[in-house]
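Trainee: Have a look at this one before I ask anything.
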Amino acid sequence: MKVPALVVDRSRGEAARRALVAAGALRTDLAIVEDGSRLAFPLRDGGAVPPGWGTVEPREFPARPEPGPSDFRQLLGWTAPELEAVPRSFDVVGDVVLIRLPVELEPRRDEIGEALLRFVPGARLVGLDRGVRGDARRRTVERIAGTGGWATRHRENGLELDVDLELAYFSPRLAREHARVAAEVVAGEAVYDLCCGVGPFAVTIAREGRARSIVAVDANPEAIALLGRTLARYRLEGRVAANVGRVEQFASTAPAVDRVVLNLPREGIKYAALVAPLVLPGGSLTYYEVVPRESFAGRADEVARALGPGGGWSVNSVRVVHPYSPSSDLVAVSARRGGA
């Protein structure tokens, strides 16, 4: 059906959709259409369009499909007691879906995999997540539905990141943190992204263009290779120096900079004293760690002590990013070094 459409850049799509809904101008019986880097929204006759959002022009729109189930578990057809053991949450990385299952459900994992494959739009492969292990932080994954390998491109914050879930660390649950930290970078800052994985912090900061220099470091050469592909695709190689190496080796010779990011959730606190000298007076450190909930209240003081008494450190915030397990959370720690 051809109707008037508001056409906007994809980066403004969600804001435009909300504005149209608020104005009562969006047709909900027709599907929003993707057109390369732009989105077309079908408009009601006489609907008020927010000024300055984009162009209005006639477009063809397909009918909006009937909504499917709101929970993938509805596709299993199991009894209510059986469904109680099935996790509600899962991760989507590009066209790959990852889920963790309790041991008692593994005999029925193929059924769960097929349900997820049907439920998640664009899903190609469903994997059982066995966790991240080793110095290279490689994830152990097992196919339970779908086809192809574990390499994919994950879209977040207007970027596509090259990811291989079997070869290098990446968490889709940190997308907001990648954007938040990048937004905090001040013009002219020098930045280290330590234990960078496939480099979402470094790439997002580079895309913003305010940092004077960015060095990304990871012990896993596969992670650095994936980061290199993303940088090359966006022509950002000149803004990020991507190096293979352990934090201990890098910290022994690297000069101090304005901002350091350390994403090593299971061991970050062990490296606090090592990383602290890499931050200039007046500079900042952001790192991520898994914290038992009973330890959360006193974590700021523990981090300040771990960073060392001689640096004049103050911990500005310890925030929960997302639950990690039934008894612990992934938290973001923001600290600043005094003396500027």
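The values are calculated or read from the model by the stated rules, or taken from the named source; none is laboratory data. If you're wondering where the values come from, they're calculated on a predicted model, not measured in any experiment. Note that we place each Cβ from the backbone using ideal geometry, even for glycine, and neighbour counts take in every protein chain shown.
Trainee: Residues in the range 270-288: is at least one closer than 16 Å to ALA202 by Cα, hydrophobic (A, V, I, L, M, F, W, C) and either touching a Phe, Trp or Tyr at 6+ places or on another chain (Cβ under 8 Å) or modelled with pLDDT of 90 or more (or both)? Steps first, answer last, please.
Mentor: Residues of the range 270-288 that are closer than 16 Å to ALA202 by Cα, as a first pass: 284-288.
If we keep only those that are hydrophobic (A, V, I, L, M, F, W, C) too, we end up with 285.
Now restrict to residues that are either touching a Phe, Trp or Tyr at 6+ places or on another chain (Cβ under 8 Å) or modelled with pLDDT of 90 or more (or both): 285.
Scanning the range 270-288 turns up at least one residue that is closer than 16 Å to ALA202 by Cα, hydrophobic (A, V, I, L, M, F, W, C) and either touching a Phe, Trp or Tyr at 6+ places or on another chain (Cβ under 8 Å) or modelled with pLDDT of 90 or more (or both).
Trainee: Do any strands (runs of 3 or more DSSP E) lying entirely in the range 68-139 carry at least 1 residues that are in contact (Cβ under 8 Å) with a residue 24 or more places away in the chain and out of contact with any Pro (no Cβ under 8 Å at 6 or more places or on another chain), and which ones are they? Give the steps one after another, and end with the answer.
Mentor: Details: elements: 91-93, 96-99, 125-133.
Strands (runs of 3 or more DSSP E) meeting the threshold: 96-99, 125-133.
Trainee: Let me ask another. Would you pick out the residues in the range 2-34 that are over 17 Å from GLY46 (Cβ atoms) and either touching a Pro at 6+ places or on another chain (Cβ under 7 Å) or not in a strand (DSSP E or B) (or both)?
Mentor: Kept after step one, since they are over 17 Å from GLY46 (Cβ atoms), are these residues of the range 2-34: 7-18, 31-34.
Answer for the range 2-34, where residues must be over 17 Å from GLY46 (Cβ atoms) and either touching a Pro at 6+ places or on another chain (Cβ under 7 Å) or not in a strand (DSSP E or B) (or both): ARG10, SER11, ARG12, GLY13, GLU14, ALA15, ALA16, ARG17, ARG18, ALA31, ILE32.
Trainee: Between a residue in the range 285-306 that is touching a residue at least 60 places away in the same chain (Cβ under 8 Å) and any residue that is part of a helix (DSSP H, G or I), which pairs come within a Cβ distance under 6 Å, given they are 6 or more apart or on different chains?
Mentor: THR286/VAL181
Trainee: With the requirement that a residue be buried (at least 17 other Cβ atoms within 10 Å of the Cβ) and touching an Asp or Glu at 6+ places or on another chain (Cβ under 8 Å), what does the range 291-303 give you?
Mentor: If the condition is that a residue be buried (at least 17 other Cβ atoms within 10 Å of the Cβ) and touching an Asp or Glu at 6+ places or on another chain (Cβ under 8 Å), then VAL291 is the only one that fits.
Trainee: Could you check how many residues of the range 224-237 are part of a loop (DSSP other than H, G, I, E, B) and either out of contact with any helix residue (DSSP H, G or I) (no Cβ under 9 Å at 6 or more places or on another chain) or crowded, with 17+ Cβ neighbours inside 10 Å (or both)?
Mentor: Just the residues of the range 224-237 that are part of a loop (DSSP other than H, G, I, E, B), to begin with: 234-237.
Restricting the remaining residues to those that are either out of contact with any helix residue (DSSP H, G or I) (no Cβ under 9 Å at 6 or more places or on another chain) or crowded, with 17+ Cβ neighbours inside 10 Å (or both) gives 235-236.
Total meeting the criteria: 2.
Trainee: While we're looking at this one, here's another question. What number of residues in the range 57-76 are acidic (Asp, Glu) and in contact with a helix residue (DSSP H, G or I) (Cβ under 9 Å, 6 or more places away or on another chain)?
Mentor: Residues flagged as acidic (Asp, Glu) and in contact with a helix residue (DSSP H, G or I) (Cβ under 9 Å, 6 or more places away or on another chain) within the range 57-76 amount to 1.
Trainee: Among the numbered criteria (1) out of contact with any strand residue (DSSP E or B) (no Cβ under 7 Å at 6 or more places or on another chain); (2) touching a residue at least 12 places away in the same chain (Cβ under 8 Å); (3) among the charged types (D, E, K, R), which one does GLU160 miss?
Mentor: Going through the list (1) out of contact with any strand residue (DSSP E or B) (no Cβ under 7 Å at 6 or more places or on another chain); (2) touching a residue at least 12 places away in the same chain (Cβ under 8 Å); (3) among the charged types (D, E, K, R), GLU160 breaks only (1).
Trainee: Now, a different point. Looking only at the range 290-340, which residues are over 15 Å from ASN263 (Cβ atoms), small (Gly, Ala, Ser) and not in a helix (DSSP H, G or I)?
Mentor: Answer for the range 290-340, where residues must be over 15 Å from ASN263 (Cβ atoms), small (Gly, Ala, Ser) and not in a helix (DSSP H, G or I): GLY308, GLY312, SER314, SER317, SER325, SER327, SER328, GLY338, GLY339, ALA340.
Trainee: Additional query: How many of the residues making up the range 122-177 are over 23 Å from ARG12 (Cα atoms), among the small types (Gly, Ala, Ser) and under 11 Å from the mean Cα position of the chain (by Cα)? Before you say what the answer is, go through the steps one by one.
Mentor: Narrowing the range 122-177 to residues over 23 Å from ARG12 (Cα atoms): 123-152, 162-171.
Filter once more, so that each one left must be among the small types (Gly, Ala, Ser): 123, 127, 131, 134, 136, 145-146, 148-149, 151, 168, 171.
From what's left, under 11 Å from the mean Cα position of the chain (by Cα): 171.
Final tally of qualifying residues: 1.
Trainee: Would you point out the residue of the range 1-58, among those that are touching a Gly at 6+ places or on another chain (Cβ under 9 Å) and farther than 27 Å from GLU156 by Cα, that is surrounded by the most Cβ atoms within 10 Å (Cβ to Cβ)?
Mentor: Ranking the qualifying residues of the range 1-58, first place goes to ALA25.
Trainee: Of the residues VAL163, VAL185, VAL96, which single one is assigned by TED's automatic domain parsing to the domain that holds ARG210, aliphatic (A, V, I, L, M), crowded, with 16+ Cβ neighbours inside 10 Å and at pLDDT 95 or above? Before the answer, list the steps.
Mentor: Details: VAL163 fails: assigned by TED's automatic domain parsing to the domain that holds ARG210; VAL96 fails: assigned by TED's automatic domain parsing to the domain that holds ARG210.
The conditions single out VAL185.
Trainee: Answer with yes or no whether ALA273 is assigned to a helix (DSSP H, G or I) and more than 20 Å from the chain's Cα centre (by Cα).
Mentor: Details: assigned to a helix (DSSP H, G or I): yes; more than 20 Å from the chain's Cα centre (by Cα): yes.
For ALA273, the condition - assigned to a helix (DSSP H, G or I) and more than 20 Å from the chain's Cα centre (by Cα) - is met.
Trainee: In addition: Identify, please: which residue in the range 279-290 is buried (at least 20 other Cβ atoms within 10 Å of the Cβ) and of a type in the set (A, V, I, L, M, F, W, C) and is, among those, farthest from VAL333 (Cα to Cα)?
Mentor: Among those residues, the one meeting the criterion is VAL279.
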